[in-house]
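Chemist: Starting off with a structure, shown below.
The values are calculated or read from the model by the stated rules, or taken from the named source; none is laboratory data. Keep in mind that what you see is a predicted model, and the values were worked out from it rather than measured. Heads up, the Cβs are rebuilt from the backbone with ideal geometry, glycines too, and the neighbour counts pull from every protein chain shown. What goes into the accessible areas is simple: the full protein's heavy atoms, side chains included, and nothing from ligands, DNA or RNA. Shrake-Rupley method; radii C 1.70, N 1.55, O 1.52, S 1.80 Å.
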Amino acid sequence: MSEHSTYTPGTGVEKWLDERLPIIRFSKEHLMDFPTPKNLNYWWTFGAILAMCLGIQIVTGVILAMHYTPNVALAFDSVEHIRRDVNGGRMIQAFHAVGASMFFAAVYIHIFRGMYFGSYKAPREILWILGVLIFVLMMATAFMGYVLPWGQMSGWAATVITNIFAAIPVIGNPLLELLRGGFSVGNPTLNRFFSLHYLLPFVIAAVVVLHIWALHVPGNNNPTGVDVKDSRDTVPFHPYYTMKDAFGMVLFLIPFCWFAFFAPDILGHPDNYIQFSSTVTPAHIVPEWYFLPFYAILRAIDFNILFIDSKLGGVIFFGGSIVILFFLPWLDRSKVRSGTFRPMFKWFYWLFVINFIALTYLGAAPAEGIYVVLSKIATAYYFLHFLVVLPVLGRIEKPKPLPTSISESVLGKSHA
Amino acid sequence: MATQAQHSTTRRDFLFVATGSVAAVGAAATIWPLINQLNPDASTLALASIEFNLAGIEVGQSVTIIWRGLPVFVRHRTQKEIDEAKAVPLSELKDPATDEERTKPGHEDWLIMIANCTHLGCVPIGEAGDFDGWFCPCHGSHYDSAGRIRKGPAPLNLVLPPYEFLSDTLVQIG
């Protein structure tokens, strides 16, 4: 896919630079001339939208850090100070907090798009793995960021999530004290979470570079899942996709701005407006909406499995639900990439989506009655999809005939 | 010739391994302080022991105090709660412990426990749940009147801090 550059330095300065740091050549190759399948639909614009989201989070985050105080006595008040006193702080804080939600909304769409169109399949396994790695880093970053306002949900989220490590046999408790920097979640915890919350986005940015690098070696997948065969199948990235992505970003910013300007707290939990107290737990601890599916899996395991107690069991399934994503390229045995040409996969795919939404709902529901039973069923199905449905489908499913080329699928057979 | 080549290779290998080992030990020694700074610091450890006066806590009353930043339940149990706890057969318990093991001899009416649910660390609500003890609403763990886990996802009984009675009304925790 890496075609030879058509860049010829015009001015003397460009020529001088090109021989020392060919950054203009690089930009032209990867951001402008890069041959991109001409049939990408709007689900593909979320890549660019995510880059925008990361940019928004870093810019607003760096500014918020200029006003925030990472100390248990002052953290809660400093966030209120930002929202009430700092010039434009209300807006900047809202964009950062709402931005986290929008970032996750976009990343879920991006991931589910990849799962539908088989974007994880050869030769894009590394691209997928790096993507899952970014997702894990995002979860860690979002969690630590959520702790910083030091409200009731923040502190108890920190308590519950760090407690996960106590489930590890033998080293669990010393490890927990190491992670918290004390016997309970306290000032050392808040301090280090702030430090890491500031650091990790730059690590994410670095992995994003690798993710795009791994994308630009084999090139983009596309809705047909058929490989690019010749130059008629592609268009240059600029202006075709730069414009399309820009349009997608504008559309995405409409709900984003609505939340940030009109309902900045609607995606959060009201209990986070109470300062953290280590002696009282809110009656109903719920994480932010984007963690609910995994939270539902964590608490679905309320029984012992052989010698593994319920706590460790929950942690294993919780971790497993994310780790399993790394293995997706090898669990799906089908030779056909795109779900469009896989009649049975399509049904199971949507069943998986519905099941995931159900897990989201169950993660917010109280841990009692029918919700407990449903959580267990939905958790079981989550794993069955990866471990049974996908491997079996690859063997028994008869895919529909694939178009011979992207051009053919776009223009129809008669014009091909 | 062959012997000579072998000889020099062996000598070079030895130097490589020796250098590598020293480097590995040096790296580990350098990294350790960087990890160890995460452990509880001196000011945190300084809070490891407290004294607490029990006088003034009525029968049937609970208080929550802070020890090492952790909430600790101090409950003055009623006779009914003590009898209930003693009546439970060990075979019914997920984490078997007798009521005697949960209290100090001669002070059965005092139950002193770290107040974090053994599942994920929430603070359970007192005088609630199906067993006349504590209930953690987060994930639905029920503890009985001796703080033993009876139902729900928590794997263990509420943890007892190390403590001793200095007098009938004075307790040292930690």
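Chemist: Exactly one condition in (1) closer than 20 Å to A:SER119 by Cβ; (2) surrounded by 15 or more Cβ atoms within 10 Å (Cβ to Cβ); (3) without any contact (Cβ under 8 Å) to a residue 24 or more places away in the chain is false for A:THR340; which is it?
Modeler: For A:THR340, the failing item is (3).
Chemist: Looking only at segment A:296-319, count every residue that is open to solvent by 10 Å² or more (accessible area, probe 1.4 Å) and in a helix (DSSP H, G or I) and tell me the total.
Modeler: 8
Chemist: In segment B:131-143, which residue that is of a type outside the set (Phe, Trp, Tyr) and assigned to a loop (DSSP other than H, G, I, E, B) is farthest from the other protein chains (Cβ to nearest Cβ)?
Modeler: Step one: filter segment B:131-143 for residues of a type outside the set (Phe, Trp, Tyr), giving B:132-133, B:136-142.
After this cut, where a residue has to be assigned to a loop (DSSP other than H, G, I, E, B) as well, the list is B:132, B:137-140.
Values: B:ASP132: 19, B:PRO137: 5, B:CYS138: 5, B:HIS139: 5, B:GLY140: 4 Å.
Among residues in segment B:131-143 that are of a type outside the set (Phe, Trp, Tyr) and assigned to a loop (DSSP other than H, G, I, E, B), the one farthest from the other protein chains (Cβ to nearest Cβ) is B:ASP132.
Chemist: I would also like to ask the following. Are any residues in segment A:250-269 open to solvent by less than 70 Å² (accessible area, probe 1.4 Å) and not in a loop (DSSP other than H, G, I, E, B), and if so, which ones?
Modeler: Of everything in segment A:250-269, those that are open to solvent by less than 70 Å² (accessible area, probe 1.4 Å) and not in a loop (DSSP other than H, G, I, E, B) turn out to be A:PHE252, A:LEU253, A:PRO255, A:PHE256, A:CYS257, A:PHE259, A:ALA260.
Chemist: Go through (1) in a helix (DSSP H, G or I); (2) within 14 Å of another protein chain (Cβ to nearest Cβ); (3) at pLDDT below 90; (4) open to solvent by 50 Å² or more (accessible area, probe 1.4 Å) for B:TRP32 and report which single condition fails.
Modeler: Condition not satisfied by B:TRP32: (3).
Chemist: Still on this structure: What tally of residues in segment A:358-387 results from selecting those that are assigned to a helix (DSSP H, G or I) and exposed (fewer than 13 other Cβ atoms within 10 Å of the Cβ)? Can you show your working first?
Modeler: Step one: filter segment A:358-387 for residues assigned to a helix (DSSP H, G or I), giving A:358-364, A:370-387.
Remaining after also requiring exposed (fewer than 13 other Cβ atoms within 10 Å of the Cβ): A:370, A:373.
The total comes to 2.
Chemist: Do we find that A:LEU175 is in contact (Cβ under 8 Å) with a residue 24 or more places away in the chain, hydrophobic (A, V, I, L, M, F, W, C) and within 26 Å of A:PHE143 (Cα to Cα) in this structure?
Modeler: Numbers: in contact (Cβ under 8 Å) with a residue 24 or more places away in the chain: no; hydrophobic (A, V, I, L, M, F, W, C): yes; within 26 Å of A:PHE143 (Cα to Cα): yes.
Here the answer is no, as A:LEU175 does not meet what is asked.
Chemist: Spot the failing condition for B:GLY56; the list is (1) surrounded by fewer than 10 Cβ atoms within 10 Å (Cβ to Cβ); (2) at pLDDT 90 or above, and only one is missed.
Modeler: (2)
Chemist: What pairs come up if the first residue lies in segment A:283-310 and is more than 28 Å from A:ALA105 (Cβ to Cβ) and among the acidic types (Asp, Glu), the second is at pLDDT below 90 and open to solvent by less than 40 Å² (accessible area, probe 1.4 Å), and their beta carbons are under 6 Å apart, counting only those six or more places apart or on different chains?
Modeler: A:ASP302/A:SER310; A:ASP302/B:PRO153; A:ASP309/B:PRO155
Chemist: Starting from residues that are out of contact with any helix residue (DSSP H, G or I) (no Cβ under 8 Å at 6 or more places or on another chain) and within 11 Å of another protein chain (Cβ to nearest Cβ), keep the ones in segment A:281-308 and report whichever is nearest to A:PRO366 (Cα to Cα). Don't jump to the end; show me each part of the working.
Modeler: We begin by selecting, within segment A:281-308, every residue out of contact with any helix residue (DSSP H, G or I) (no Cβ under 8 Å at 6 or more places or on another chain); these are A:283-284, A:306-307.
Going one step further and asking which of them are within 11 Å of another protein chain (Cβ to nearest Cβ), we end up with A:283-284.
On the way: A:ALA283: 10, A:HIS284: 7 Å.
In this case the residue turns out to be A:HIS284.
Chemist: Can you name the residue in segment B:144-174 that is outside any loop (DSSP other than H, G, I, E, B) and more than 14 Å from every other protein chain (Cβ to nearest Cβ) and, of all such residues, is most open to solvent (accessible area, probe 1.4 Å)? Steps first, answer last, please.
Modeler: The initial filter retains those residues of segment B:144-174 that are outside any loop (DSSP other than H, G, I, E, B), namely B:149-151, B:163-165, B:170-173.
When the remaining residues are screened for being more than 14 Å from every other protein chain (Cβ to nearest Cβ), the result is B:163-165, B:170-172.
On the way: B:TYR163: 19, B:GLU164: 102, B:PHE165: 39, B:LEU170: 51, B:VAL171: 1, B:GLN172: 47 Å².
Here the answer is B:GLU164.
Chemist: Would you confirm, using the coordinates I've provided, whether A:MET66 is in contact with a strand residue (DSSP E or B) (Cβ under 9 Å, 6 or more places away or on another chain) and open to solvent by 50 Å² or more (accessible area, probe 1.4 Å)? Walk me through how you get there before you give the answer.
Modeler: On the way: in contact with a strand residue (DSSP E or B) (Cβ under 9 Å, 6 or more places away or on another chain): no; open to solvent by 50 Å² or more (accessible area, probe 1.4 Å): yes.
In short, no.
Chemist: From the list A:PHE326, A:PHE261, A:PHE318, which one is away from chain B (no Cβ under 14 Å), more than 21 Å from A:GLY114 (Cβ to Cβ), under 26 Å from the mean Cα position of the chain (by Cα) and aromatic (Phe, Trp, Tyr)?
Modeler: Working: A:PHE326 fails: more than 21 Å from A:GLY114 (Cβ to Cβ); A:PHE318 fails: away from chain B (no Cβ under 14 Å).
So the residue among A:PHE326, A:PHE261, A:PHE318 that is away from chain B (no Cβ under 14 Å), more than 21 Å from A:GLY114 (Cβ to Cβ), under 26 Å from the mean Cα position of the chain (by Cα) and aromatic (Phe, Trp, Tyr) is A:PHE261.
Chemist: Let me ask something else about it. Got a number for residues in segment A:270-280 being open to solvent by 60 Å² or more (accessible area, probe 1.4 Å) and either facing chain B (nearest Cβ under 8 Å) or among the charged types (D, E, K, R) (or both)? Steps first, answer last, please.
Modeler: Start the filter on segment A:270-280 by keeping residues that are open to solvent by 60 Å² or more (accessible area, probe 1.4 Å), which leaves A:270, A:273-275, A:280.
This time we only want the ones that are either facing chain B (nearest Cβ under 8 Å) or among the charged types (D, E, K, R) (or both), so: A:280.
Residues meeting the conditions: 1.
Chemist: Scan segment B:117-134 and give yes if some residue there is among the charged types (D, E, K, R) and open to solvent by less than 10 Å² (accessible area, probe 1.4 Å), otherwise no. Don't jump to the end; show me each part of the working.
Modeler: Applying the first criterion (among the charged types (D, E, K, R)) to segment B:117-134 yields B:127, B:130, B:132.
Checking the rest, the ones that are also open to solvent by less than 10 Å² (accessible area, probe 1.4 Å) come to none.
Among the residues of segment B:117-134, not one is among the charged types (D, E, K, R) and open to solvent by less than 10 Å² (accessible area, probe 1.4 Å), which makes the answer no.
Chemist: Let me ask you something else. Go through the residues of segment B:56-63 one by one and say whether even a single one is among the polar types (S, T, N, Q) and either within 33 Å of the chain's Cα centre (by Cα) or facing another protein chain (nearest Cβ under 10 Å) (or both). Walk me through how you get there before you give the answer.
Modeler: Initial filter on segment B:56-63 (among the polar types (S, T, N, Q)): B:61-62.
Of the ones still in play, those that are also either within 33 Å of the chain's Cα centre (by Cα) or facing another protein chain (nearest Cβ under 10 Å) (or both) are B:61-62.
Yes, segment B:56-63 contains a residue that is among the polar types (S, T, N, Q) and either within 33 Å of the chain's Cα centre (by Cα) or facing another protein chain (nearest Cβ under 10 Å) (or both).
Chemist: Follow-up. Only residues that are touching a helix residue (DSSP H, G or I) at 6+ places or on another chain (Cβ under 7 Å), more than 14 Å from chain B (Cβ to nearest Cβ) and either among the hydrophobic types (A, V, I, L, M, F, W, C) or closer than 15 Å to A:GLY55 by Cβ (or both): list them for segment A:183-210, please.
Modeler: A:LEU200, A:PRO201, A:VAL203, A:ILE204, A:ALA205, A:VAL207, A:VAL208, A:LEU210
Chemist: Just one of the numbered conditions (1) under 29 Å from the mean Cα position of the chain (by Cα); (2) without any contact (Cβ under 8 Å) to a residue 60 or more places away in the chain; (3) part of a loop (DSSP other than H, G, I, E, B) is not true of A:PRO70; which one?
Modeler: The single condition A:PRO70 does not satisfy is (2).
Chemist: Continuing with this model, one more query. If you go through segment A:131-140 one residue at a time, do you hit one that is part of a helix (DSSP H, G or I), open to solvent by 20 Å² or more (accessible area, probe 1.4 Å) and farther than 30 Å from A:PRO218 by Cβ?
Modeler: No, segment A:131-140 contains no residue that is part of a helix (DSSP H, G or I), open to solvent by 20 Å² or more (accessible area, probe 1.4 Å) and farther than 30 Å from A:PRO218 by Cβ.
Chemist: Which of the residues spanning segment A:88-121 are within 15 Å of A:PHE252 (Cβ to Cβ), β-branched (Val, Ile, Thr) and crowded, with 19+ Cβ neighbours inside 10 Å?
Modeler: Residues satisfying the conditions are A:VAL98, A:VAL107.
Chemist: Could we say that A:GLY182 is of a type outside the set (Val, Ile, Thr) and either without any contact (Cβ under 8 Å) to a residue 60 or more places away in the chain or surrounded by fewer than 20 Cβ atoms within 10 Å (Cβ to Cβ) (or both) here? I'd like the intermediate steps shown before the answer.
Modeler: On the way: of a type outside the set (Val, Ile, Thr): yes; either without any contact (Cβ under 8 Å) to a residue 60 or more places away in the chain or surrounded by fewer than 20 Cβ atoms within 10 Å (Cβ to Cβ) (or both): yes.
For A:GLY182, the condition - of a type outside the set (Val, Ile, Thr) and either without any contact (Cβ under 8 Å) to a residue 60 or more places away in the chain or surrounded by fewer than 20 Cβ atoms within 10 Å (Cβ to Cβ) (or both) - is met.
Chemist: Hey, another quick one. Could you give me the residue pairs with C-beta distances under 8 Å whose first residue belongs to segment B:91-105 and is exposed (fewer than 13 other Cβ atoms within 10 Å of the Cβ), whose second residue is assigned to a loop (DSSP other than H, G, I, E, B) wherever it lies, and which are 6+ apart or on separate chains?
Modeler: Between residues of segment B:91-105 that are exposed (fewer than 13 other Cβ atoms within 10 Å of the Cβ) and residues that are assigned to a loop (DSSP other than H, G, I, E, B), the close pairs are B:GLU100/B:GLU108.
Chemist: Would it be correct to say that A:ILE164 is closer than 30 Å to A:ALA75 by Cβ, part of a helix (DSSP H, G or I), within 14 Å of chain B (Cβ to nearest Cβ) and open to solvent by less than 20 Å² (accessible area, probe 1.4 Å)?
Modeler: Working: closer than 30 Å to A:ALA75 by Cβ: yes; part of a helix (DSSP H, G or I): yes; within 14 Å of chain B (Cβ to nearest Cβ): yes; open to solvent by less than 20 Å² (accessible area, probe 1.4 Å): yes.
Considered against the rule, which asks whether it is closer than 30 Å to A:ALA75 by Cβ, part of a helix (DSSP H, G or I), within 14 Å of chain B (Cβ to nearest Cβ) and open to solvent by less than 20 Å² (accessible area, probe 1.4 Å), A:ILE164 comes out as yes.
Chemist: Is it the case that A:PHE247 is open to solvent by 20 Å² or more (accessible area, probe 1.4 Å), more than 14 Å from chain B (Cβ to nearest Cβ) and within 25 Å of the chain's Cα centre (by Cα)? Working first, answer last.
Modeler: Values: open to solvent by 20 Å² or more (accessible area, probe 1.4 Å): yes; more than 14 Å from chain B (Cβ to nearest Cβ): yes; within 25 Å of the chain's Cα centre (by Cα): yes.
So A:PHE247 passes the test.
Chemist: Only one of A:PHE345, A:PHE352 is at pLDDT 95 or above and in contact with a Gly (Cβ under 9 Å, 6 or more places away or on another chain); which? Even if it seems obvious, please write down each step before you answer.
Modeler: On the way: A:PHE352 fails: in contact with a Gly (Cβ under 9 Å, 6 or more places away or on another chain).
After applying the criteria, what remains is A:PHE345.
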